[in-house]
Amino acid sequence: MITQHPIERESFEIIRAELAEHSLTEAQVNVAVRVIHATADFDFLHLLRFSPGAVEAGLAALRRGCTVVTDVHMTESGISGSMLAKLGGQKVCVIDAPEIHAAAEQAGVTRSTLAMRANAARLDGGIAAIGNAPTALLEVIRLVREAGLRPALIVGMPVGFVSAVESKEELQTLNVPYITAVGRKGGSPVAAATLNALLRMAIV
């Protein structure tokens with residue numbers, strides 16, 4: 001059982017009391033509430049999109065000790081390493097690796113693109129948690145389509161104005177479990193909160 005600080009517990013009670021009408025399952029609500037807690041933005045109740053069975057696929061992967069590959073260190077740092085470790089999993093982010101930086105400059109692509117490419121083996125059966133870089137999400141999508149990559153779950157939450165909306169729309173065309181947020185909103189806190197919600201459900 002994971003204990004909650006009284007202030008955190010009260011925050012979640014307030015959020016649940018203020019939720020508008022929705023059609024989410026209880027498991028999906030758990031994700032939405034934690035995202036709202038991380039952002040103080042109730043819009044996410046209606047922006048989040050879950051492919052059929054996405055939560056269940058994520059829980060199964062976490063319970064078997066999968067690797068969570070993140071696009072940036074902000075996403076990585078927001079995900080609970082202690083909860084992952086309880087399940088035998090780990091989180092990985094290689095965007096700052098010298099070889100990634102050098103290869104990205106040489107190839108003329110973003111570091112986040114090459115970071116995903118370099119982690120293809122970990123992503124196959126693992127979880128992609130993308131909270132910042134649309135190019136990272138687009139690379140995972142490309143690997144699914146062109147290389148037959150099969151992540152257990154893609155959490156695609158890039159934020160911003162350039163390719164964020166389009167990458168999340170493209171994600172929703174894949175036959176792979178995903179959780180995303182439509183529109184420009186998203187970010188590392190949203191991706192991390194999604195993973196932490198799943199981790200809490202996986203451990204209980």
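Here are a few things to note about the model shown:
- Shown in residue order for segment 81-88 are the 3J(HN,Hα) couplings computed by the Karplus curve 6.51 cos²θ - 1.76 cosθ + 1.60 at θ = phi - 60°: x, 5, 5, 4, 4, 4, 9, x Hz (x for Gly and Pro).
- The share of Cα pairs per 5 Å bin across segment 1-122, counted from zero up to the longest distance, runs 2, 9, 15, 16, 18, 16, 11, 7, 4, 2, 0 percent.
- For L153, the residues whose modelled amide H falls within less than 5 Å of its own, excluding neighbours fewer than 5 places apart on the same chain, are A128.
- Of all DSSP beta bridges in the chain, antiparallel share, percent nearest 5: 20
- Note: segment 87-200, Cα convex hull, 102 Å³ per residue.
- Inter-site label distance for H73 and I7 at 7 Å from Cα along Cβ, in nm: 2.6
- Of the residues V162, V94, V35, the one that moves most in a GNM of the chain with alpha-carbon contacts below 10 Å is V162.
- The ellipsoid equivalent to the alpha-carbon distribution of segment 19-60 has semi-axes of 18, 11, 8 angstrom, derived from the gyration tensor eigenvalues as √(5λ) and listed largest first.
- For the chain: accessible area per residue (Å², 1.4 Å): 46
- ³J(HN,Hα), Karplus 6.51/-1.76/1.60, whole Hz, each residue of segment 16-30, x for Gly, Pro: 5, 5, 9, 5, 7, 4, 7, 10, 6, 6, 4, 5, 5, 4, 4
- With the convex hull drawn around the C-alpha atoms of the chain, the volume per residue stands at 111 Å³.
- Per-residue Karplus couplings for segment 31-44, computed as 6.51 cos²θ - 1.76 cosθ + 1.60 with θ equal to phi - 60°, are listed in order as 5, 4, 5, 5, 5, 5, 4, 6, 10, 6, 10, 6, 4, 5 Hz, Gly and Pro entered as x.
- At most 10 other Cβ within 10 Å, DSSP loop - GluC sites (Glu not before Pro), segment 1-97: E21
- Whole-angstrom gap from segment 140-204 to segment 28-78, using each part's C-alpha centre: 8
- Virtual paramagnetic centre 7 Å along Cα→Cβ of A60, amide N under 12 Å, in segment 161-181: 177
- Computed over protein heavy atoms with a 1.4 Å probe, the carbon and sulfur contribution to the accessible area of segment 1-121 reaches 54%.
- The value of relative contact order for segment 1-130, using C-alpha pairs under 8 Å at least six residues apart, is 23 percent.
- C-alpha long axis of helix 98-107 to longest principal axis of the chain, angle in °: 60
The values are calculated or read from the model by the stated rules, or taken from the named source; none is laboratory data. What you see is a predicted model; the values in this text were computed from it and never measured. Please note: Cβ atoms are built from the backbone with ideal geometry, for glycine as well, and neighbour counts cover all protein chains shown. Each accessible area value is taken on the protein alone, full model and side chains, heavy atoms only, with ligands, DNA and RNA left out. Shrake-Rupley method; radii C 1.70, N 1.55, O 1.52, S 1.80 Å.
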